[in-house]
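> Sending over a structure as structure tokens; questions will come in a sec.
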Amino acid sequence: MALSKSEREEFLSEPHIAALSVFAGNDRGPLTVPIWYQYTPGGEAWLLTGKTSRKAELIRAAGRFSLMVERVAPTIKYVAVDGPVVREEPGTAAQLREMAERYLQPEKVDGYLEFATSDHGDQTLFALKIEHWLGADLGSI
């Protein structure tokens, strides 16, 4: 069953791991990798990635990307979105903390932030203006 706009937005706002897909050239399929993201209903979806990472380079070149989130219990449900990048800016410590707090247990956040700060290098935020939505709840097939 197709999801309503509010159901799609609510589901996307939950802390699922997204599959990020971005055009990787005419001679291959899109780069598709798991990624943390942030979304508030009615707003832009955004993610952080390494400033010089392959993901960042491909997103800059394509100017757009897709995110897909899913779950399999208690029902099979998914939402996929795509659109243009509307903002690229240096990632901040506050944004990294917000993302870590979205996905990790409170006692794991500080340790992750220490690791990420020393291991990941400079981060870039890419904001997505959602132009297209797909979503369905397939029930318990």
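The values are calculated or read from the model by the stated rules, or taken from the named source; none is laboratory data. Computed from a predicted structure; not experimentally measured. Note that we place each Cβ from the backbone using ideal geometry, even for glycine, and neighbour counts take in every protein chain shown. What goes into the accessible areas is simple: the full protein's heavy atoms, side chains included, and nothing from ligands, DNA or RNA. Shrake-Rupley method; radii C 1.70, N 1.55, O 1.52, S 1.80 Å.
> Return the residues of segment 117-141 that are loosely packed, with under 14 Cβ neighbours inside 10 Å and touching a residue at least 60 places away in the same chain (Cβ under 8 Å); say none if nothing qualifies.
Gly121, Asp122, Leu138, Gly139, Ser140, Ile141
> Is there any pair with a first residue in segment 54-74 that is within 10 Å of Val22 (Cα to Cα) and a second that is open to solvent by 90 Å² or more (accessible area, probe 1.4 Å) and part of a loop (DSSP other than H, G, I, E, B) whose Cβ atoms are under 6 Å apart and which are 6 or more apart or on different chains, and what are they?
Pairs that qualify, where the first residue is within 10 Å of Val22 (Cα to Cα) and the partner is open to solvent by 90 Å² or more (accessible area, probe 1.4 Å) and part of a loop (DSSP other than H, G, I, E, B), are Ala62/Phe23.
> Same structure again: I need the helices (runs of 4 or more DSSP H) fully contained in segment 1-116, keeping only those with at least 1 residues that are polar (S, T, N, Q) and surrounded by 15 or more Cβ atoms within 10 Å (Cβ to Cβ).
Passing ranges, in order: 5-13, 93-103.
> Just to be sure I understand, how many residues within segment 38-85 are touching a helix residue (DSSP H, G or I) at 6+ places or on another chain (Cβ under 7 Å) and more than 23 Å from Gly135 (Cβ to Cβ)?
3
> Here's another thing I want to ask about it. Looking only at segment 117-141, which residues are β-branched (Val, Ile, Thr) and in a helix (DSSP H, G or I)?
The answer is Thr117, and nothing else.
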